[in-house]
Amino acid sequence: MAFIVTNNNADVAVDERLLVTGDLVLGRGTTIVYDLQQYMNSLDRVLGIRPTMLLPGHGPIISGSKDDTPNAVRVIEGYIAHRNMREQQIIAVLASSPPNAPPIPRNGGWRLEEVTSAVYTDITDPRIIIAAQNNTRLHLNKLLFEGRVNTDGDLWMFVN
């Protein structure tokens, strides 16, 4: 058995292509992330193993396959695709004109709450809105680290 240090929520134990994922990949839903850049890097690393089985810290074991692709690989690819889709939605919002609301002037900037409500249009529960804002902040911080957005106070702007 070998261990892969992921610098995320949990290190991953590997035995052949069976992974004990801890909180990196859950049996259902998504995990709480503190650094999206590290999380995505960790997902890429475990995807590179092409695991045949995932033993998550929570939820059911993920095993089996379809069309010669292990379900474990499909789940990891799904996690990556979902986060990438969310990032593209956030970029699309930031690339558009911000609302005509204070603070003025905005210089093309969006507040976190505005980005969140533009991306998560179907959420009304205040508790889930807070979780969505945290997720949006994670994406914005990743994009900031990558030099794809800038901030000015509490305003976020897309960098062309």
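The values are calculated or read from the model by the stated rules, or taken from the named source; none is laboratory data. Here the structure is a predicted model, which is why all the values come from computation and not from measurement. Here the Cβ positions follow ideal geometry from the backbone for every residue, glycine too, while neighbour counts run over all protein chains shown. Just the protein is used for accessible areas: all its heavy atoms, side chains included, with ligands, DNA and RNA removed. Shrake-Rupley method; radii C 1.70, N 1.55, O 1.52, S 1.80 Å.
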Note to self: What is the distance in Å between the Cα centroid of the range 123-154 and that of the range 56-107?
What the structure shows: 13 Å
Next item on the list: Please turn the phi angles of the range 66-71 into ³J(HN,Hα) values with the Karplus equation 6.51 cos²θ - 1.76 cosθ + 1.60 (θ = phi - 60°), one per residue in order, whole Hz, x for glycine and proline.
Entry: 9, 6, 6, 10, x, 4
Note to self: Rolling a 1.4 Å sphere over the protein heavy atoms, what is the accessible area per residue of the range 29-160, to the nearest Å²?
What the structure shows: 55 Å²
Item checked: Added length on full extension, which subtracts the Cα-Cα distance from 0.36 nm per residue, LYS66 to ILE91 -> 5.7 nm
Next item on the list: Using R₀ = 22 Å, calculate the FRET efficiency as 1/(1 + (r/R₀)^6) where r is the Cβ-Cβ separation of ASN150 and ASN41; round to 0.05.
Entry: 0.45
Check: Are there GluC sites (Glu not before Pro) in the range 105-160 that DSSP puts in a loop and that have at most 14 other Cβ atoms within 10 Å, and which ones?
Finding: GLU146
Next item on the list: Compute, for SER117, the solvent-accessible surface of its heavy atoms (probe 1.4 Å) with the complete set of protein chains present, and express it in square angstrom to the nearest 10.
Entry: 70 Å²
